[in-house]
1. Considering chain A as a Gaussian network with a 10 Å cut-off on Cα pairs, which listed residue, A:G56, A:G372, A:G200, attains the greatest mean-square fluctuation?
2. Let me know the mean shielding of B:149-156 by other chains, meaning the per-residue number of their Cβ atoms within 10 Å of its Cβ.
3. Counting only other chains, what is the mean number of Cβ atoms within 10 angstrom of the Cβ of each residue in peptide B:296-306?
4. Under a GNM of chain A (C-alpha, springs under 10 Å), which listed residue has the highest mean-square fluctuation: A:A146, A:A311, A:A288?
5. Is the stretch A:73-148 best put as rounded, prolate or oblate by its Cα gyration tensor, with a ≥ b ≥ c the root eigenvalues, rounded for a/c under 1.5, and otherwise prolate when a/b is larger than b/c, oblate when not?
6. Could you give the dipole magnitude of the stretch A:339-383 about its Cα centre, charging the beta-carbon of Lys and Arg +1 and that of Asp and Glu -1, in debye to the nearest 20?
7. Loop by DSSP (not H, G, I, E, B), at most 15 other beta-carbon atoms within 10 Å: where is the longest site-free stretch of chain A for trypsin sites (Lys or Arg not before Pro)?
8. Using a label position 7 Å from Cα in the Cα→Cβ direction, what is the ascending list of nm distances from A:R80 to the same site in the other copies?
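Readers should treat all values here as calculations from the given coordinates under stated rules, not as data from a laboratory. Fair warning: this is a prediction, and the values are worked out from it, not measured in the lab. Reconstructed Cβ throughout: ideal geometry from the backbone, glycine too, with neighbour counts over all protein chains shown.
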There are 2 protein chains.
Amino acid sequence: MLTASSREVRAKLTGLVTPEVLDDDGAAARHYAHAIWSCVTEPGDGVAGALIAECGVIAAVEAGLGSGGTTNAALEAGRRRWQARLSSVEDALDRARHVGARLLVPGNPDWPVRVDDLGVHAPRALWARGNVASLAGDSALALVGARAATGYGEHVTGELATHLSRRGATIVSGGAYGIDGMAHRATLAVDGVTVAVLAGGVDRPYPAGHADLLGRIARGPGVVVAEVPCGTPPTKWRFLQRNRLIAALSDATVVVEAGWRSGSLNTAGHAAALGRALGAVPGPVTSAASAGCHRLLREYDARCVTSADDASELLGAQSPAEPVTSGRTDDRTRVLDALSVRSPREPDDVARRAGFGIDEIRGLLAILELDGRARRGPEGWRRVTSPS
Amino acid sequence: MLTASSREVRAKLTGLVTPEVLDDDGAAARHYAHAIWSCVTEPGDGVAGALIAECGVIAAVEAGLGSGGTTNAALEAGRRRWQARLSSVEDALDRARHVGARLLVPGNPDWPVRVDDLGVHAPRALWARGNVASLAGDSALALVGARAATGYGEHVTGELATHLSRRGATIVSGGAYGIDGMAHRATLAVDGVTVAVLAGGVDRPYPAGHADLLGRIARGPGVVVAEVPCGTPPTKWRFLQRNRLIAALSDATVVVEAGWRSGSLNTAGHAAALGRALGAVPGPVTSAASAGCHRLLREYDARCVTSADDASELLGAQSPAEPVTSGRTDDRTRVLDALSVRSPREPDDVARRAGFGIDEIRGLLAILELDGRARRGPEGWRRVTSPS
């Protein structure tokens with residue numbers, strides 16, 4: 001697989017890329033290498049990102065997936081987890097071809113350069129069903145919020161999506177029930193452009209009850225997109241990473257309704273960390289579905305969004321990007337994933353599991369300890385269960 | 001009147017001040033002088049304030065109200081308007097005595113020193129019915145809002161007033177229908193301390209439909225207070241000045257519901273200008289009664305208040321006072337009052353009417369022109385009618 005000829009690469013990419021890419025051996029090789037990396041890594045894998053940034057994506061395939069050895073612990077751990085997934089590449093490409101998905105990689109004319117602000121945590125590739133050009137629209141607004149939305153939240157979402165898409169903005173959301181679904185539907189209703197960002201592969205509509213809605217999005221002027229390859233089921237980590245992608249694909253993010261611990265606050269945090277404009281729609285203080293929005297107004301300095309004009313204003317007011325912070329936030333989640341609540345683990349074990357160097361892991365563990373999310377004991381580190 | 005003997009002063013003040021004041025000739029003379037100034041000036045009269053700051057209140061009576069002349073145009077205009085009201089003093093004192101009102105002046109132990117932050121625009125005196133000591137409580141929260149409140153606004157006001165008064169805060173409001181009335185009533189219901197600040201004299205319950213409520217406040221542990229003397233009807237100017245007094249009497253101001261151009265935003269502006277903490281309660285973006293609150297969140301950087309805890313936090317977080325700005329805002333309103341929409345006026349005429357020096361008035365007119373609220377023409381200055 002790693003030593004495929006130009007002809008073999010062309011065969012593998014047929015149907016997934018434009019004829020221009022197929023006709024250019026260099027471009028085809030880059031697309032194929034990115035596709036491999038997309039299949040063997042989890043979203044946000046900074047070790048792979050750093051390796052690719054250092055070697056270039058094609059040489060990184062040999063360095064990270066070939067038979068050579070390395071003395072770098074993080075890279076060695078990476079090689080082990082990446083190689084274990086090499087066999088899935090063929091199947092992912094077949095599935096993508098089967099559902100008519102397109103493969104986009106950095107440098108492709110349709111690649112949404114906004115996501116490059118994620119640095120080494122940027123996606124290796126995007127898999128898209130529909131009008132891929134809509135990903136790189138001039139003005140993209142993320143409208144996100146609770147699955148358990150109220151009639152009020154759905155009404156406001158409908159108003160914002162309708163008016164903003166009529167003003168030419170692309171409406172980005174996560175395809176979920178509640179606010180997300182209403183954002184997509186209201187945009188479709190006025191023939192607007194909407195982007196649904198999935199946590200699993202674009203061949204697996206999620207939630208299943210939105211299969212029809214996602215199909216309509218893919219057939220309309222918008223697109224259904226994911227960074228994980230076809231065949232990948234959504235997981236908690238992938239939902240969190242999908243949230244960072246919604247924020248990165250958008251110029252501004254507005255949370256319409258969100259409970260006190262809603263996943264939408266995670267999207268909002270990513271938007272703020274990326275220096276993207278962040279807004280929250282207020283609601284009755286007596287409504288639990290607005291508690292997260294009020295929290296964003298109080299604690300995250302989100303702008304109070306009450307109308308389409310307010311949302312438009314937000315699209316025109318982005319602050320400078322700070323991708324470093326975003327990466328750091330992702331790193332902590334990865335370290336938490338590498339910790340166990342029950343079994344204490346030594347720092348070098350955690351570093352290997354999370355894919356970080358030993359010095360890096362010590363710093364991250366110290367931060368998590370300060371946050372009360374990890375605890376050091378005589379036998380090693382454990383994860384602290386969250387109070388939620 | 002200006003040359004009353006100690007015995008005459010004591011007779012005039014009997015029933016209006018404490019025995020301690022009556023027994024101290026100096027204190028009695030100061031109280032009487034302040035009462036005179038309170039009767040002859042409009043709230044916020046900075047010329048009188050400056051004169052009193054310069055001469056002391058007793059000498060200022062002779063300088064501002066005696067028969068001597070002056071070459072200062074603003075002072076001369078002041079003398080004319082003040083002297084025209086000298087005859088009202090006797091009646092105001094009689095009315096105050098008749099309703100059992102107390103006279104408070106700066107330096108009196110019960111004087112609420114918070115209002116001194118208003119500088120030369122601070123009240124000359126306060127007239128109070130009820131427990132005057134409640135004006136100088138440790139922690140005072142203004143809860144204000146629309147007369148046309150919704151059930152939601154009244155519910156939230158009731159919750160905030162109940163919990164904050166139980167935590168020992170004094171609840172300050174304006175005695176109006178809607179949010180104000182609910183703030184007072186909810187506080188009375190838990191035997192809390194509430195202060196009603198009126199735009200007219202405390203002998204004239206306003207609105208008339210709240211005569212009973214204001215009576216209950218005066219008989220309870222709180223107080224009904226005004227800076228204008230008894231017998232004075234409320235006017236638009238006095239409502240605006242009353243709003244500045246609500247802000248100045250409180251450590252923090254929370255607007256619960258307010259339309260887009262509500263008078264409560266004026267109170268909020270004063271609170272912000274005085275460096276007092278400012279909060280706004282969000283509501284549905286579909287409710288016109290919350291539009292002013294959302295405006296405060298967006299444009300005035302008000303804190304989003306969703307609970308009694310949020311309001312308590314606000315009481316603990318005041319920023320340094322900036323009384324200069326407040327004075328300047330009042331000054332502009334006074335200049336606008338001195339301008340006519342139809343008849344152009346020369347700057348010296350405006351200066352005389354508004355009670356400012358000619359240099360001061362040129363600066364203020366220039367600011368109003370920039371704001372689009374005054375226009376310069378070949379024959380002089382006119383007021384621009386507001387778009388509302």
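1. A:G372
2. Values: counts 0, 0, 0, 3, 0, 0, 3, 3.
What the average comes to for B:149-156 is 1.
3. On the way: counts 1, 9, 7, 1, 0, 1, 2, 2, 12, 3, 13.
Per residue, the number of nearby Cβ atoms from other chains is 5 on average.
4. Among A:A146, A:A311, A:A288, the largest GNM mean-square fluctuation belongs to A:A288.
5. On the way: a/c = 1.76, a/b = 1.40, b/c = 1.25.
It is prolate, given that a/c is not under 1.5 and a/b is the larger ratio.
6. Values: 10 positive and 8 negative charges, 56 e Å.
For this selection, approximately 260 debye.
7. Working: sites that count: A:R167, A:R261, A:R342.
Formally, the longest exposed-site-free interval is A:1-166.
8. 9.5
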